[in-house]
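> I have a structure I would like to understand better, so I am pasting it below and will then ask my questions one at a time.
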Amino acid sequence: MKDRYLEVTFRNGKPFAAYLYLPRGSDERSVRSEEAEHGMVVDYGPNGRPIGIELTAPEQVTVDRLNQVLQRLSIAPMREEELAPLSVA
């Protein structure tokens, strides 16, 4: 996968969980997870590179908070519209 994308799971019309997939090889799987901030868990691949961020409390995630985590991981920031699926319902 070359581009990142956000997958959101809804329950009763509200975001229940979300996962931000980061660029990675098609066969790359998580071997380690680490809480980055309340409501955000970073998954790392076998080479130690971040491959995704689980948003365990999606209603509390803001673009600023997520971008702080991405900056610490040396990943380009997200734009507000990329998080739009979290506020659809």
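The values are calculated or read from the model by the stated rules, or taken from the named source; none is laboratory data. Nothing here was measured: the structure is a model prediction, and the numbers come from that model. Don't worry about glycine lacking a Cβ; one is built from the backbone with ideal geometry, like all the others, and counts go over all protein chains shown. Calculation scope for accessible area: heavy atoms of the full protein, side chains included, ligands and nucleic acids excluded. Shrake-Rupley method; radii C 1.70, N 1.55, O 1.52, S 1.80 Å.
> I'm checking my understanding of the structure. Among residues of segment 26-49 that are touching a residue at least 24 places away in the same chain (Cβ under 8 Å) and out of contact with any helix residue (DSSP H, G or I) (no Cβ under 9 Å at 6 or more places or on another chain), which one is nearest to residue 79 (Cα to Cα)?
49
> Something else: What are the residues in segment 4-25 that are over 11 Å from the mean Cα position of the chain (by Cα) and within 17 Å of residue 74 (Cβ to Cβ), if any?
23, 24
> Moving to a separate point now. Does segment 23-37 contain any residue that is charged (D, E, K, R), within 16 Å of residue 87 (Cβ to Cβ) and surrounded by 13 or more Cβ atoms within 10 Å (Cβ to Cβ)?
no
> Pairs please, first residue from segment 58-84 and closer than 19 Å to residue 48 by Cα and open to solvent by less than 100 Å² (accessible area, probe 1.4 Å), second anywhere and among the β-branched types (Val, Ile, Thr) and in a helix (DSSP H, G or I), Cβ atoms under 9 Å, 6+ apart in sequence or on different chains.
Hits for this filter: 75/69.
> Right, next: Take segment 47-57 and flag every residue that is among the hydrophobic types (A, V, I, L, M, F, W, C) and either crowded, with 16+ Cβ neighbours inside 10 Å or within 14 Å of residue 6 (Cβ to Cβ) (or both).
51, 53, 55
> Restricting to segment 59-89, count the residues that are in contact with a Lys or Arg (Cβ under 9 Å, 6 or more places away or on another chain) and over 18 Å from residue 3 (Cβ atoms).
The qualifying residues number 2.
> For residue 13, are the conditions met, namely being on the phi > 0 side of the Ramachandran plot and either at pLDDT below 95 or open to solvent by 80 Å² or more (accessible area, probe 1.4 Å) (or both)?
Yes: the conditions hold for residue 13.
> Give, as residue ranges, the strands (runs of 3 or more DSSP E) completely inside the chain that count at least 3 residues that are out of contact with any strand residue (DSSP E or B) (no Cβ under 6 Å at 6 or more places or on another chain).
none
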